[in-house]
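Following: one structure in structure tokens, then a few remarks.
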Amino acid sequence: MSLFSTPFDPAREAALVTGAGNGIGRAIAQALVGEGVRTVFADIREDTVMAAIKTSARPELAFPFVGDLASRATCDALLAHAQSAVGQVTHFVHSASPPRREADHPMAVDRETWQQMHAVNLDAGFHLARELARTLIAAKAPGSFLLLTSLHAGTPRNLPHYSTAKAAMAMLVKELAKTFGRYGIRVNALVPGAIAAGGFVADPSLAKHIPLGRLGQATDLAPMALAVLSNRVSAYVTGAAIVVDGGLSLTNWFDPPTLHEL
């Protein structure tokens, strides 16, 4: 039997995906249920979560959760819901992130926007990963975690709240991978490029900077995400940052923001 025909063990594995209502998170969550993996679809909006589940290949394997992960209480409620809905979570994908606005450059971003971006990306990602790892370690069970970072973890984006949150997540992946590896829990980062989905409204002209000549789609990320999540396909991969960007990271295409009035 081909290794790639059975990347997961649905009888023993279950997943939790944040940001599953749209964009990359949605594509990954739908791909997981397509492989027979019971999956919690978590997002802040009920309509997008339910639409993502309804259009999945096997909606009976998808379980919705609605809440704002900037709140620690909501993160704890999500963990409890996941345990009740699918049992022990072995595969965790953190794709949730507040929307980005080009107006929030270094001289304009306010305190609330800054805190929300860090709370959802970094704080929630750390808390959820740590608590899920705690249960896996206690059960002596393997796991695989995937955090969605960004090319702007290393390249300025004119959005300091976003770039610094993603840069912190990139280091968090390494910290968790180093700590959890001996317990059979792998932690990796998926690094998207210009993906026309979710909170990113892609300018078609950006395609001229991409060696493969087109903007990415959320579905371009899902196959790689599944390969990295799979303990059968990527059993010896941890602490890695897998770039899926069509070659965009080979260039630096952003100009500094224009400051009209300080």
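The values are calculated or read from the model by the stated rules, or taken from the named source; none is laboratory data. Since we're looking at a predicted model, the values are computed, not measured. Methodologically, a virtual Cβ is constructed for each residue, glycine included, from the backbone with ideal geometry; neighbour enumeration extends over all protein chains shown.
Brief remarks follow.
- A count restricted to region 34-64 and to residues that are of a type outside the set (D, E, K, R) and either at pLDDT below 95 or under 16 Å from the mean Cα position of the chain (by Cα) (or both) stands at 7.
- Among all positions in region 113-129, there is no residue which is closer than 16 Å to ARG12 by Cα, crowded, with 22+ Cβ neighbours inside 10 Å, touching a residue at least 40 places away in the same chain (Cβ under 8 Å) and polar (S, T, N, Q).
- Only a single criterion out of (1) in a loop (DSSP other than H, G, I, E, B); (2) under 19 Å from the mean Cα position of the chain (by Cα) is not satisfied by ARG232, namely (2).
- Filtering region 214-247 to residues that are at positive phi and in contact with a helix residue (DSSP H, G or I) (Cβ under 7 Å, 6 or more places away or on another chain) leaves only GLY239.
- Of the residues making up region 20-46, those that are small (Gly, Ala, Ser) and closer than 19 Å to THR149 by Cα are ALA20, GLY21, GLY23, GLY25, ALA27, ALA29, ALA42.
- In region 137-160, the residue that is surrounded by the fewest Cβ atoms within 10 Å (Cβ to Cβ) out of those that are modelled with pLDDT of 95 or more and over 14 Å from VAL93 (Cα atoms) is LYS140.
- Looking across region 9-33, the residues that are in a loop (DSSP other than H, G, I, E, B) and farther than 22 Å from VAL233 by Cβ come down to GLY19, GLY21, ASN22.
- Out of GLU13, GLU35, sole residue that is touching a His at 6+ places or on another chain (Cβ under 8 Å) and either closer than 14 Å to LEU229 by Cβ or surrounded by fewer than 17 Cβ atoms within 10 Å (Cβ to Cβ) (or both): GLU13
- Residue tally, condition of a type outside the set (A, V, I, L, M) and closer than 20 Å to ALA129 by Cβ, over region 27-58: 4
- Single residue of ALA225, ALA218 found to be touching a strand residue (DSSP E or B) at 6+ places or on another chain (Cβ under 7 Å), modelled with pLDDT of 95 or more, under 26 Å from ALA31 (Cα atoms) and buried (at least 18 other Cβ atoms within 10 Å of the Cβ): ALA225
- One residue from GLY21, GLY25 being free of Cβ contacts under 8 Å to residues at least 60 places away in the same chain and within 17 Å of the chain's Cα centre (by Cα): GLY21
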